[in-house]
Amino acid sequence: MPQSEKKAVFLDRDGTLNVEKGYIGNLDDIELYEGVAQAIRRLNDAGYLCILTTNQTGPARGYYDEGHVQALNQRVCRLLDEQAGARLDAVYYCPHLGPAAGGVVEPYNVDCTCRKPATGMIDEACRQLGPVDRRHSWVVGDKATDVEFGHNAGMNSVLLLSGYGLRVLAGEYQVLKQPPTLVARRLPDAVASIIEGSKKQVSV
Ligand SMILES: [Mg+2]
Ligand SMILES: [Zn+2]
């Protein structure tokens with residue numbers, strides 16, 4: 001691969017980093033899963049770009065404003081830093097939801113190109129952070145739409161069993177249109193597999 005291409009892990013937020021609790025109205029209700037901050041720190045230290053990519057339909061549904069989404073994301077960043085000195089290199093969120101899907105608040109009630117599984121957030125990250133080695137990069141999340149997001153972007157994917165993942169795997173929530181590259185119990189297990197896999201690639 002060209003030297004300038006970086007490896008990246010695109011991380012979902014709810015059910016992946018923080019405990020899935022539905023729409024979070026109170027900042028204090030953000031709670032990272034055990035070991036998540038340490039796992040992100042491992043990715044930082046291994047040289048992976050760590051990029052948050054999250055669908056947040058609260059503003060389009062009228063549950064809260066866009067500033068609240070940003071405050072929630074900042075709270076996640078602060079907890080990652082406090083618990084392990086871990087860092088996200090960039091944060092992207094889609095606040096949109098088309099009218100047919102229940103979006104009611106302007107200007108968020110539009111069909112956009114950034115709502116996962118569309119690849120707008122990954123494309124924007126690649127423009128802003130430089131070329132990404134997609135073949136060795138990953139999308140990690142707890143929904144079928146996260147797996148599809150990785151597939152659409154030409155990346156590997158991990159379906160976690162935290163959040164909605166167990167129900168996705170059981171066929172009770174969403175439909176997996178393609179199998180994930182890996183299934184992992186929680187984010188720290190996914191990170192271990194990603195890092196161990198990349199070591200193997202180096203050694204052969
Ligand atoms: Mg999720
Ligand atoms: Zn969007």
Need the failing condition index for Ile40 against (1) buried (at least 23 other Cβ atoms within 10 Å of the Cβ); (2) within 16 Å of ligand 2 (Cβ to nearest atom); (3) of a type in the set (Val, Ile, Thr), just the number.
(2)
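What about Gly163, is it part of a loop (DSSP other than H, G, I, E, B) and either within 19 Å of Glu124 (Cα to Cα) or touching a strand residue (DSSP E or B) at 6+ places or on another chain (Cβ under 6 Å) (or both)?
Details: part of a loop (DSSP other than H, G, I, E, B): yes; either within 19 Å of Glu124 (Cα to Cα) or touching a strand residue (DSSP E or B) at 6+ places or on another chain (Cβ under 6 Å) (or both): no.
So Gly163 fails the test.
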Can you work out which of the residues in segment 1-31 that are closer than 18 Å to Pro188 by Cα and among the acidic types (Asp, Glu) is farthest from the chain's Cα centre (by Cα)?
Glu31
Taking the residues in segment 93-119 that are surrounded by fewer than 18 Cβ atoms within 10 Å (Cβ to Cβ) and not in a loop (DSSP other than H, G, I, E, B) as candidates, determine which candidate is nearest to ligand 1 (Cβ to nearest atom).
Ala101
Which of the residues that make up segment 129-149 are more than 16 Å from ligand 2 (Cβ to nearest atom) and part of a helix (DSSP H, G or I)?
Leu129, Arg134, Arg135, His136, Ala144, Val147
Can you tell me which residue is surrounded by the most Cβ atoms within 10 Å (Cβ to Cβ) among those in segment 1-23 that are away from ligand 1 (no atom under 12 Å from the Cβ) and free of Cβ contacts under 8 Å to residues at least 60 places away in the same chain?
Tyr23
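Within segment 36-82, work out how many residues are more than 16 Å from the chain's Cα centre (by Cα) and under 25 Å from Lys199 (Cβ atoms).
Residues of segment 36-82 more than 16 Å from the chain's Cα centre (by Cα): 38, 42, 45-47, 58-68, 71, 78-79, 81-82.
Filter once more, keeping what is under 25 Å from Lys199 (Cβ atoms): 38, 42, 45-47.
Number of matching residues: 5.
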Do you know which of the residues in segment 120-157 that are among the acidic types (Asp, Glu) and buried (at least 22 other Cβ atoms within 10 Å of the Cβ) is farthest from Leu17 (Cα to Cα)?
Glu148
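Where a number appears in this text, it was derived from the coordinates with a stated rule and is not lab data. Keep in mind that this is a model prediction, so the values were computed, not measured. Please note: Cβ atoms are built from the backbone with ideal geometry, for glycine as well, and neighbour counts cover all protein chains shown.
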